[in-house]
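To start, the structure itself, in structure tokens.
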Amino acid sequence: RYRTINLLESQQFQRYSANPSLLREEVRSDDEIVIIDEIQLVPELLNEIQTIIEEKGVHFLLTGSSARKLRRGGVNLLGGRARTRYFHPFVFVELKSQFSLERALFSGLIPSIYFSNAVDEDLDAYIGNYLQQEILAEGLCRNLQSFARVLDVASICHGEQINYAKLASDAQVPRSTIQNYFEILKDTLIIHEVPSWTKSLKRKAQTTSKYYFFDFGIVRRMRRYKSVPAKSEIFGVAFESYIFHEIRTYCDYHAIPDLHYWRSQNKDEVDFIIDNRVAVEVKSSALVQDKHLTGLRRLKEEKLLEKYIVVSLDEHPRCPLIDSDIQILPWKVFIEQLWNNEI
């Protein structure tokens, strides 16, 4: 027996926000699981949920797109009774034969948009609804116009280190406000932070984090690119974003907490380091060349990791003659090995 409550429905929202104890009156001991969507809209329900768990032994599945209001509102977070899981847009192994790299780089992988016949219109609506519902409705930001400017500027910095002073100048808002807005974007799961890997000894690492939007379709639309042409700069950004999405999702679904990138003070860089074991460099090239291996070679000198991989558009896996322990993998081979736990 299952019970589902969607707090986005105005009637449900009004009922439970006016009288949270209704939940305790309605849930029965023979309910196997109660599913509540957008729990952050009525955080007072968490007190009732704790009581129901203790008295009736019912299980709950609580979903939401923002944890900020819950964490900062002094509400009951069900300490010790709740496990947190993150869900992401589509990945390759979910779509299988329906996956298209070109479509993923253009549309993004949000389910409703990936299959849409009006991608740009739906992305515009998604961005608009996010600003209105997530930010304005929850009172996370008092100045929606300045937040919109920051969001727009942040899309330009997708996949890059963040210079808050420059962002503040570009968006014409104080630096402290920029930092607060980025915390909002992180808490509402719009961007993911990738910290710097600082364990290298021979080459001191930079410490500034990089940030990626959770879906590249949103970035492309905010930048107003009408296409993602092969061999263009935006294609390279989109391809790296897609590989990041697969890695980030894999890490979350397999409880791997450590995902970093590495950049030395001399600006040698490796895009991703997974679980402090595997270094991954992403190149949108159909033929990886010697010059593409510089960052991996510098990092390999540290002798701290187990594997060194270049993910590219190459047709076949190979290993450079000079560095036989660096693998060059076609993107599809890498994704399949990743999800088969072979990386």
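The values are calculated or read from the model by the stated rules, or taken from the named source; none is laboratory data. No experiment lies behind these values; they were computed from the predicted model shown. Here the Cβ positions follow ideal geometry from the backbone for every residue, glycine too, while neighbour counts run over all protein chains shown. Side chains are part of the model used for accessible areas, which takes the heavy atoms of the whole protein and leaves out ligands, DNA and RNA. Shrake-Rupley method; radii C 1.70, N 1.55, O 1.52, S 1.80 Å.
Taking amide H as placed 1.01 Å from N in the peptide plane, the amide H of residue 197 sits under 5 Å from that of 261, 262, 263, each at least 5 places away or on another chain. Distance distribution P(r), the chain, all Cα-Cα pairs, bin width 20 angstrom from 0: 27, 54, 19, 1 percent. Close amide H pairs (under 5 Å, H built 1.01 Å from N) link residue 159 with 211, 212, 213, residues at least 5 positions away or on another chain. In this simple spin-label approximation, residue 202 and residue 336 carry label points 7 Å from Cα along the Cα→Cβ vector, and these lie 3.5 nm apart.
Would you mind telling me the share, in percent, of accessible area of the chain contributed by carbon and sulfur at probe 1.4 angstrom?
After summing per-atom areas, the C and S share lands at 47 percent.
Under conditions of 25 °C and 0.890 mPa s, the stretch 256-343 yields 188 µm² s⁻¹ as its translational diffusion coefficient, taking Rh as the Kirkwood radius over Cα pairs in the Stokes-Einstein equation. Rolling a 1.4 Å probe across the protein heavy atoms gives the chain an accessible surface of 51 Å² per residue. Going by a ≥ b ≥ c, the root eigenvalues of the Cα gyration tensor, does the stretch 215-272 fall in the rounded group (a/c under 1.5), the prolate group (a/b larger than b/c) or the oblate group? Judged from the Cα gyration tensor, the stretch 215-272 comes out oblate (a/c at least 1.5, b/c at or above a/b). With a ≥ b ≥ c taken as the square roots of the eigenvalues of the C-alpha gyration tensor of the stretch 91-248, please select rounded if a/c is under 1.5 and otherwise prolate if a/b is larger than b/c or oblate if it is not? Cα axes put the stretch 91-248 in the oblate bin.
The phi torsions of the stretch 298-313, fed into the Karplus equation with coefficients 6.51, -1.76 and 1.60 and a -60° offset, translate into couplings of 4, 6, 5, 4, 6, 6, 10, 10, 9, 9, 9, 10, 10, 9, 8, 9 Hz, rounded to whole numbers, with Gly and Pro shown as x.
Using the Cβ-Cβ distance between residue 117 and residue 94 with R0 set to 25 Å, the FRET efficiency from 1/(1 + (r/R0)^6) comes to roughly 0.75.
With n ≥ 4 as the cut-off for DSSP H runs, can you work out [θ] at 222 nm for the chain, using -39500 (n - 2.57) per run divided by the number of residues, rounded to the nearest 500?
Here the helix-only value at 222 nm equals -11000 deg cm²/dmol.
Membrane-span-like helices in the chain (whole DSSP H runs, Cα extent of at least 27 Å along the helix axis, mean Kyte-Doolittle hydropathy of at least 0.5): none found.
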